[in-house]
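Asks: Structure incoming, see below.
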Amino acid sequence: KAGVTQTPRYLIKTRGQQVTLSCSPISGHRSVSWYQQTPGQGLQFLFEYFSETQRNKGNFPGRFSGRQFSNSRSEMNVSTLELGDSALYLCASSLGQGAAPNEKLFFGSGTQLSVL
Amino acid sequence: GESVGLHLPTLSVQEGDNSIINCAYSNSASDYFIWYKQESGKGPQFIIDIRSNMDKRQGQRVTVLLNKTVKHLSLQIAATQPGDSAVYFCAENGGGFKTIFGAGTRLFVKA
């Protein structure tokens with residue numbers, strides 16, 4: 001079974017631009033979570049989606065948004081990029097069994113975003 | 001707010017020795033804890049998990065201990081190997097469809 005796939009692997013943007021990152025979960029997984037990873041802040045939770053609905057959101061500005069499609073694939077968007085948005089963006093999937101939150105996450109290799 | 005932290009940011013051990021990585025959590029309502037391993041250029045990978053109704057769980061060369069009284073979690077790696085060199089994260093899930101990660105501990109294994 002294929003793992004979590006994130007595209008692109010690397011991305012370079014300039015301040016003020018916007019970016020869209022893509023994530024394909026493991027087949028059969030319906031929950032997708034996004035994290036931002038930086039050396040100084042570690043892994044910070046962005047949001048979680050299940051059946052095209054956002055169930056939780058982290059403490060990030062409104063410039064960060066996401067969505068999930070009917071096939072469970074997910075995208076996240078960052079608008080008006082700032083230098084501080086440079087980070088590794090990780091996507092993780094899990095089965096998403098109803099209301100049971102106790103599931104391990106399966107991560108992709110991430111998208112390394114550099115904002116110049 | 002919620003937080004999961006680590007006592008030691010780096011740990012250096014000799015190959016063949018046992019490693020212990022510690023973690024403190026603050027949300028007493030958390031009922032599921034996970035350890036992840038992240039190697040360079042990769043996303044975190046699941047190692048072992050434990051639910052709050054357990055104190056100890058063993059896997060292959062790894063053991064997780066949970067002390068709910070002091071809100072402490074530890075990962076023990078037996079006979080540490082060079083391939084164990086990585087960053088280790090403890091993570092916590094108390095509901096709300098959100099897993100919270102600690103800061104991470106970098107493990108160096110000396111040959």
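The values are calculated or read from the model by the stated rules, or taken from the named source; none is laboratory data. Worth saying up front: this structure is predicted, and the values here are computed from it rather than measured. These accessible areas exclude ligands, DNA and RNA; they are computed on the full protein's heavy atoms, side chains included. Shrake-Rupley method; radii C 1.70, N 1.55, O 1.52, S 1.80 Å.
Asks: Over chain A, consider all pairs of different Cα atoms and compute the Kirkwood hydrodynamic radius from their mean reciprocal separation; express it in Å, one decimal.
Replies: Values: mean 1/r = 0.0708 Å⁻¹.
Kirkwood hydrodynamic radius for chain A: 14.1 Å.
Asks: At 1.4 Å probe radius, can you tell me the per residue accessible area of the protein assembly as shown in Å²?
Replies: Values: 10720 Å² over 227 residues.
Per-residue accessible area for the protein assembly as shown comes out at 47 Å².
Asks: Under Stokes-Einstein, with the Kirkwood radius over Cα pairs standing in for Rh, what whole-number D in µm²/s applies to segment B:7-51 at 10 °C and 1.306 mPa s? Before the final figure, lay out the partial values.
Replies: Numbers: Rh = 13.0 Å.
Translational D for this selection: 123 µm²/s.
Asks: Which value, in Å³ per residue, describes the convex hull spanned by the Cα atoms of chain B? Don't skip to the answer; put the middle values down first.
Replies: Values: hull volume 10.7 nm³, N = 111.
Dividing the Cα hull volume of chain B by its residues yields 97 Å³.
Asks: Right, next: What Kirkwood Rh does segment A:1-59 have if only Cα atoms enter the pairwise 1/r average? Answer in Å. Before the final figure, lay out each step's value.
Replies: Details: mean 1/r = 0.0748 Å⁻¹.
When all Cα pairs of segment A:1-59 are included, the Kirkwood radius is 13.4 Å.
Asks: Nearest 100 Å² is fine: what is the total accessible surface buried where chains A and B meet, probe 1.4 Å? Each step should come with its number before you reach the end.
Replies: On the way: alone 6260 and 6150 Å², together 10720 Å².
Answer for the A-B pair: about 1700 Å² buried.
Asks: Have a look at the protein assembly as shown and give its Rg and Dmax from the Cα atoms, expressed in angstrom.
Replies: Both quantities, over Cα of the protein assembly as shown: 17.5, 51 Å.
Asks: Taking accessible area as the heavy-atom solvent-accessible surface of the protein chains with a 1.4 Å probe, which residues of segment B:61-108 lose no less than 40 Å² upon going from the isolated chain to the full protein assembly?
Replies: Going by heavy-atom accessible area, the residues of segment B:61-108 that drop by at least 40 Å² are B:PHE97, B:LYS98, B:THR99, B:PHE101.
Asks: In terms of modelled amide H atoms, which long-range or inter-chain residues lie less than 5 Å from the amide H of B:GLY43?
Replies: A:SER109
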